[in-house]
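The values are calculated or read from the model by the stated rules, or taken from the named source; none is laboratory data. Every value quoted in this text rests on a predicted model; they were computed, and no experiment measured them. Cβ placement follows ideal geometry from the backbone for every residue including glycine, while neighbour counts extend to all protein chains displayed.
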Amino acid sequence: MGSEPAIRAEGIEKDFKNVRALAGIDLEIDRGSVFGLLGPNGAGKTTFVRILSTLLRASRGRAEVAGFDVRREADEVRARIGLTGQFAAVDNDLTGRENLVMFGQLLGIGKTRAKTRADELLDRFGLTGAADRTLRGYSGGMRRRLDLAASLVGEPEIAFLDEPTTGLDPRSRLELWDIVEDLVAQGTTVLLTTQYLEEVDRLADRIGVIDHGRVIALGTPEELKDAVGGRVIAVDVDTGDVDAAVAALDAEGGKVVVDREAGRLNVPTDGAARVADVVRDLDAAGVGINGLELHSPSLDDVFLTLTGTRASDEEGEER
């Protein structure tokens, strides 16, 4: 990693009419790393990516990507980045090879180089056998691999991957994770937004949690888990009993994190001793326990603790 960060954002704000999508983002991302950006639906993740990739202008603040100002030096930034959005940007009526050659020509690398680069990427992404088929015959995983390949035609220093595995089956998701790890091994910096916590747990060197347009937590996956506490008692109750359960457990003190829709309460604890107390208190309050588990904190616990929302409930980015 170099001394100059790959991405630097200072006080980034973005307003849409009467809505403040970003309320002051300060962030630095090291070169050659994977940075995972997590947040509830509508938190501003995609808005932030679009500003960094020069597709939107910030209302206030400044940002640099690869050492260039995204507002004043947008052309320099675009020459050094690749962007894969939530929805495939490839053309259904073209073959896989034709799509990649087209992207290369749009980037101005010349037809000969574009063809060579297309062949390299088709091989790298396991698509050589489908290279001359139109995309209408591609599976979802194949389309997403091609979309990611298209963002790499120009050999970018920095890749923005905005929920790249949304809608993919587990096997296709694992294949894309392998590709991302290969990219980073070759020196590419990756900014990844995702709704899959296991994705950032495996891939990200650092994670930022964004909520209501602000970064509310920042650290490595392990640092964020440690912030929740030593262990978590997860208790499942009927949704109609949630308020009574919270009242019973809050009486002892300590923070109880509630997922009301799921009827789940997370009780941070330093050890197993409190499990008996939790069971006793809920029984005394007349609350039936449908399930109880003591486990080490997961990123899902972090997400719920910080935002009051389970990431698995999210369905995409609104802004």
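Remarks
- Per-region count, the stretch 30-41, residues surrounded by fewer than 23 Cβ atoms within 10 Å (Cβ to Cβ) and touching a strand residue (DSSP E or B) at 6+ places or on another chain (Cβ under 8 Å): 4
Residue by residue, here is whether (1) modelled with pLDDT under 90; (2) in contact with a Lys or Arg (Cβ under 7 Å, 6 or more places away or on another chain) holds:
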| site | (1), (2) |
| --- | --- |
| Ser53 | no, no |
| Arg60 | no, no |
| Ala63 | no, yes |
| Gly67 | no, no |
| Ala74 | no, no |
| Thr84 | yes, no |
| Thr95 | no, yes |
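- Test: Asp147 is touching a helix residue (DSSP H, G or I) at 6+ places or on another chain (Cβ under 8 Å), acidic (Asp, Glu) and within 25 Å of Ile51 (Cα to Cα): no
- Total residues in the stretch 236-266, condition at pLDDT below 85 and within 21 Å of Asp300 (Cα to Cα): 8
- Subset of the stretch 195-220 [of a type in the set (Asp, Glu) and farther than 14 Å from Ala23 by Cβ]: Glu198, Glu199, Asp201, Asp205
- In the stretch 90-100, residue farthest from Thr166 (Cα to Cα) [restricted to those that are touching a residue at least 12 places away in the same chain (Cβ under 8 Å), surrounded by fewer than 20 Cβ atoms within 10 Å (Cβ to Cβ) and among the charged types (D, E, K, R)]: Asp93
- Residue list for the stretch 126-142, restricted to those being without any contact (Cβ under 8 Å) to a residue 12 or more places away in the chain and either outside any helix (DSSP H, G or I) or within 19 Å of Leu176 (Cα to Cα) (or both): Thr128, Gly129
- Evaluated against (1) assigned to a helix (DSSP H, G or I); (2) at pLDDT below 75; (3) surrounded by 15 or more Cβ atoms within 10 Å (Cβ to Cβ), Asp301 falls short on exactly one condition, (2).
- When residues of the stretch 49-89 are limited to those that are more than 22 Å from the chain's Cα centre (by Cα) and without any contact (Cβ under 8 Å) to a residue 12 or more places away in the chain, the one nearest to Leu183 (Cα to Cα): Glu76
- Hits in the stretch 168-198 - residues which are under 14 Å from the mean Cα position of the chain (by Cα) and part of a loop (DSSP other than H, G, I, E, B): Thr194, Gln195, Tyr196
- The number of residues in the stretch 42-55 being farther than 13 Å from Val70 by Cβ and out of contact with any strand residue (DSSP E or B) (no Cβ under 7 Å at 6 or more places or on another chain) comes to 1.
- Test: residue in the stretch 147-163 that is β-branched (Val, Ile, Thr), under 22 Å from Ser298 (Cβ atoms), surrounded by 19 or more Cβ atoms within 10 Å (Cβ to Cβ) and touching a residue at least 60 places away in the same chain (Cβ under 8 Å): no
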